[in-house]
Structures are given as structure tokens and as C-alpha cells.
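Okay, structure first, notes after.
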Amino acid sequence: MDKDLIISLNKNYADLIPQKESLLLIVWLHQKIEKGYINEDFGQKDLDDTIDDVVEFLNITTDKNKENLSKKLSNHFYITERVGNKYQIHLTVFAKEFCKLLIQEVQPEIKKLELFHVFKRTLPLLDEDLLNIETFSYWFKNNFQPARNEIYSHTEKLNNEVADRINELSTLLKTETENPKEQINSYMEIFTLLEKQTTGIINTIDYKNDTLSKIKSAKEHFATDEETFDEFSRMQNEVEYFFGSIDRRIMVINDKIQLASKRLRNLLDTLKHKQLFKIKIEKLLLLMLKYSRNEKGEIKLPDVFQRKYLPFIPVKFIAIPKVDFQFYAKAEPQQQEYDKHHEQSERRKGLALLEIQEATAKWLDKMNTEIESGVKIEFDEWFDKIIEQENNLEVPIQVCFGLIEEHNQSDQKTISIQKEEVTKNKNDITLWRMQMQTIRS
Amino acid sequence: MENANANYPFLNSEQATKYFADADIALKQGRHIQDFGTDIRLFSFIDEFYDKGLEDYYKQFFGMNLVSDKSDNGKFYYLDFPDDGKGKFGKENRSKELEDDKVIFAILFLNLYKERFFEQKEFTWQELEQIFKEGEHKELWQNILFSKVKQNYTPREEQDVKDKVRKILSDFEKLGWIVFKNQEEIHFEVLPSIERISRLYGDVIDNLESIEEYLNNEQLS
């Protein structure tokens, strides 16, 4: 490693590599010269105007920064010469080459040209080029060697272009987009263009194979003396090595393009299939809406849509809801499944109890009216009457309790219970004789 | 017991002790279990042991299919009847009918889910209202929801419909087809398992033309 070189680069780095503002200024000047807007030897006014362009573009507001813009440019990039009373400025060769490199990097011709075109324009090998070692050497130095970098650069750009598209495609599939189908269509267009490049690549391979076989077939022609043959072989090997290297690079690019295109097509097919399925779902919904009716607040589908069932075993035991608050916290308690059968039986029990209470109250009223009117009540007779009408043993029992409770608290009514058994034929029960009447004061 | 467990290796696992009962109850209640929210652990358990005896277990003892299904990027599991009957779920109180209103709403949500291919599948009551009141088929919606088409509905009518939709969504949440973000306001996310409705109605979806023809003829006669 040449240490002096590294030391020198380290020392001159700030002068050799301009800052963003200065770099834009040089490229801007270079472009103006290329397009003929200013002369190759331009004046101070041209420089000032271009500085204004950069200042406006970068939205630089302070005069100090504007002033610094030209001052930052080192003499590696431009030279000022005094011609008479005026100053003339021109860009250095270093500046021009630097600009060309930058432009080549950010605006590669790849977007317009196929690799095959670059090959065809830069590497034409004519029969005259193989006439003798001098003509072949001329071709090697003036066509092959300059073209080599151009072609390498082109394949690198193509590789990056394909990689960028694939990355964008991956991003597209991950992120939300408003109209994915449309976007995918636009990507299909890009990949169609890249596929065109593939055709160019295949043509390139054919072209370079032709070139190589042309060179190889001329081998005999150069075998006249050892020195010529060695020179020819050296150049042939270099061409062969270069073509081999290009082969590998373009096959990798081609594989990438094919794979990405295939993936994209599959995706588009899936989308089309999904779209078709969605149309069917929409139609099904429309049919259901069109032919359904609302019957007393219930939506009814036509019978042609068969009822479908889901497995469902209800949970009978009511449990404290298991809520995982790590995920959500509901404002309302979770509604539980309940046993409908149990609920109905409870309801029936309640109704039966109510019926008994209602009947008891009715008989108590009736009997009290009788007692109030001075009639002596023989409960065992009433017992039969109540059983006959209510057909429920609970009712006369409740009536009996009711009477005892009521009459015990009253001074004007008496209850006499004799321990004389009265046997009933029905229900297999026996009563004590009980009488009730009002005491007249 | 050990021999029996050899056929159902999942029973020997530590996860089974933790998650099998919950997963089993959920599946038998018709739930669709997916890699989402509170079901994550149950999903992981089923996913891991599906091929390790779990699928066979339901086939062998319940005559049911434990189905592994997929929708776009979402995988989910559910119990389904076999082709030739209902297995052990054929007895009374072991299955439930999907009511007509739920069918229509499930198809609507599937449709909305498919519409949002790359976006979030979240919906609000306002969006549903827009479908019912301003959408392409607003009259049809109003007809089945309000039983009549009017310019304006009373607050009571509006509330009844909102309650009805909330109830349907609540049942769908139990099935694992949606998840509420806010139940009161009706803000929810449709989950991949909504795809199940297309499996249930696959025969109908494949024969839409003949069904339409039948319905048209019915209407004419």
C-alpha cells in the first residue's frame, strides 16, 4: 500500500471532494457549458448567475452562505485567468471528469438503452481489425478497453435497477396502498421493460460469442511468430475473461428478472382470482338482500338458501368471566350463556306458586264473608269444596293456615279445634274437626 | 392410558395441561381460533399439536373435523361437521342454526373484508350506516332492517337497528369472526376467519346463476 498516497488524500480530502452546495455548482456550470449556455471560458457574471441558481434551488437565505459557496471551491475544480481587463474562468479536466462520473452514476443510459446496444456500439469487431497484430491491438486499445468499463458499469446499473424494483415490490406487498391492483399493473409494465432488457442480454451473449469466435478463428493467422502470437493470446485471454465475467453477471440479472416477473404474475393471477370470487360474494349478498323480507322485525331469507349449522355445545355452568386484561378491558360485563330449560322450570314454579296464592286469597275472602255474616264454618266441609274446585292440596292447606293466623289475632272471632278426626276419602288425609265463627258482643 | 396417549401425543404435553380444556371448550362452542388477541395461546397450542394427534382426537371421539383453514395471511382452526352427518354433534343442543340475519351480515362483512385487500379490516358504525342509508343497495338494506323505506327514521327505529347489529356482532365475536374495538360505539375488526362463511355457503356461491334463476321464477309465479 502506498502510504504517501493515503497521507496525501487525507490531507487534501476537503479540497478534492466538494460539499453538496459546491458540487451542485460545479455540475450546474458543467451542464451549462455542455448545453452551450455559457462558453467553456466563462466570465465572473456567468459564475455569479450560476451561484444564484444554486442558492435559489437550495433555498439558501443568508448572504454569508451565498458568499461562501464559491469560496469553498478549490482550484482543483476551476482556474481563473486574467485576459486583459477581464477575468476568465474555466473548469479543470478533473472537474469535467468528476462531473461526467457523477452524471453517469445518477442518470445511467440503461433507462433508454439495452445492454446489447452498448455492446454493439462499443465493441464492433470488423474483419479489418483482424488483419494483423497492429490492427487488432488498435481495436483492443481503442474499442475493447474503453468499452469494457462502459459495459461493466452498464451491467452494474442493470443489476441495481432490478434489485430496486424487487425491493419496491416487496415494500408494495407489505404496505397499505389505495389501489394495489393498479400499482401492480404499473410494476408489471416496469418488469416488461426489464424483460426487454433480458432479450437484449440474450442478444448480447450471442453478439459477444460471435466476437469471441471471430477472434479465436483468427488464431492461426497470428501464429507466424512467437512474439505476435503471445501478444494476440494475451489480448484474446483478456477478451475471453471479460466475456466470461459478463456472462456470469448477466445470468444473475436475468435470473432475478425472471423470478420477480414470475412472482408478480402469480400475484396478479391471485388478485384476479380474488376479484372474481369477490364479484360472486357481492352477487350473493345482492340476491340475499333482494329476496329477503322483514317479518315482524325478523329478517327471513328465501328457503332456497339452506340453513347452515355450526357446532355449539352451550356452557351450562355460569362462571366468572375469564377476561385477559392484557388484551382488552370491556366496559360491560361479559354476557353468559344460561340454561334456558332451568329458567323455564323456575318460571313455571313461580307461576304455580302465584296461582296457589291467588286461589288462597279468593277462598279466604269467601270464607271470611260467610263468617262475617254469622255463619259457622265447618272447615272439613270447605276443605272438600276447595279440593274439588282447585284440584290442588296446597290451596286448602294454605287457606287453613290463613284462617288460623287471621282469627287468632281477632278478639271477635273464635276458632275451635276438636281433636276429633275427620277422614277424607281422597288424598289419603285426616283432619281434626275445626269450626270458626264470629262472637257477637 | 399410556398406549392411548401414544396415539394422541398432545395429551402428554405440558401445553395440553394448560390450554387443551380451554381450546376444546372454545372449539365445541363453534369458535374459530386464530393467531389474534386472547386466542393467541390457544392458537399456538392447536397449531403445534394439530398433526400430533389433535385432529385425530376430534375425528375419533367426536366424529368431527378439526379444520385448519387459511384466508390471505391468516390461519385459523375450527370444528366442522363431517360430510356425511354431524358426528357426535348430531344430538339435540349440540349445534345451532346460523340465523338468517347473521348470514346476511356475515356475507356483508366477508365482502368488506375482501374489499380491503391490503388495508386494515376495521369498520365503524358510521361506515355501516353509510352502506344502509347511502350505499348502492340502500333501499334493499332499509327494507330488511327497518321493514320499510323512508326518508327519515325515528331515533327509536335507528336505535333498534343499531342494537340488532350490535347483537349480531357480539355473536360473531363469540364465533371469532370479528373483534370489537369498541362495542358501545360499534367499532370492530373483521378477522380472517370470516372466510368460514364462504366455506359454509360454498355450494350456493358456486351455483349463483341457477339460484338467481329459481328466485326470479319464484317471484314471477
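The values are calculated or read from the model by the stated rules, or taken from the named source; none is laboratory data. Since the model is a prediction, treat every value here as computed from it, not as a measurement. Note that we place each Cβ from the backbone using ideal geometry, even for glycine, and neighbour counts take in every protein chain shown.
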(request) Search region A:3-25 for residues being within 43 Å of the chain's Cα centre (by Cα) and outside any loop (DSSP other than H, G, I, E, B), and hand back the single one that is surrounded by the most Cβ atoms within 10 Å (Cβ to Cβ). (result) A:L25
(message) Take residues that are farther than 30 Å from B:K70 by Cβ and more than 10 Å from chain A (Cβ to nearest Cβ) and tell me which of the helices (runs of 4 or more DSSP H) falling wholly in region B:124-221 contain 2 or more.
(response) B:125-134, B:155-175, B:208-220
(message) Residues to consider are B:F36, B:F20; find the one that is aromatic (F, W, Y) and without any contact (Cβ under 8 Å) to a residue 40 or more places away in the chain.
(response) B:F20
(message) Being within 14 Å of chain A (Cβ to nearest Cβ) and either of a type in the set (D, E) or over 13 Å from A:L310 (Cα atoms) (or both) is the requirement here; does B:I46 meet it?
(response) no
(request) For A:I38, indicate whether it is in contact with a helix residue (DSSP H, G or I) (Cβ under 7 Å, 6 or more places away or on another chain) and either in contact (Cβ under 8 Å) with a residue 60 or more places away in the chain or surrounded by 13 or more Cβ atoms within 10 Å (Cβ to Cβ) (or both). (result) yes
(message) I'd like the full set of residues that are of a type outside the set (G, A, S), buried (at least 17 other Cβ atoms within 10 Å of the Cβ) and part of a helix (DSSP H, G or I), limited to region B:66-107.
(response) B:F89, B:D100, B:D101, B:K102, B:V103, B:I104, B:F105, B:I107
(message) Which residue is farthest from the other protein chains (Cβ to nearest Cβ), if the candidates are limited to region B:29-43 and must be under 13 Å from B:I178 (Cα atoms), within 12 Å of the chain's Cα centre (by Cα) and of a type outside the set (A, V, I, L, M)?
(response) B:Q34
(message) Going by what's in this entry, would B:D101 be described as over 16 Å from the mean Cα position of the chain (by Cα), among the acidic types (D, E) and facing chain A (nearest Cβ under 9 Å)?
(response) no
(message) I'd like to verify a number: residues in region A:145-160 that are in contact with a Lys or Arg (Cβ under 7 Å, 6 or more places away or on another chain) and of a type in the set (G, A, S), how many?
(response) 0
(message) Go through region A:220-252 and report how many residues are modelled with pLDDT of 80 or more, of a type in the set (A, V, I, L, M) and surrounded by 14 or more Cβ atoms within 10 Å (Cβ to Cβ).
(response) 3
(message) Here are the criteria: (1) facing another protein chain (nearest Cβ under 8 Å); (2) surrounded by fewer than 15 Cβ atoms within 10 Å (Cβ to Cβ); (3) within 24 Å of the chain's Cα centre (by Cα). Tell me which single one A:E298 does not satisfy.
(response) (3)
(request) Please work out if B:E115 is over 17 Å from the mean Cα position of the chain (by Cα), surrounded by fewer than 19 Cβ atoms within 10 Å (Cβ to Cβ), more than 10 Å from every other protein chain (Cβ to nearest Cβ) and over 17 Å from A:Y291 (Cβ atoms). (result) no
(request) Go through the residues of region B:146-154 one by one and say whether even a single one is under 14 Å from B:F105 (Cα atoms), within 25 Å of the chain's Cα centre (by Cα) and either assigned by TED's automatic domain parsing to the domain that holds B:I33 or of a type in the set (A, V, I, L, M, F, W, C) (or both). (result) no
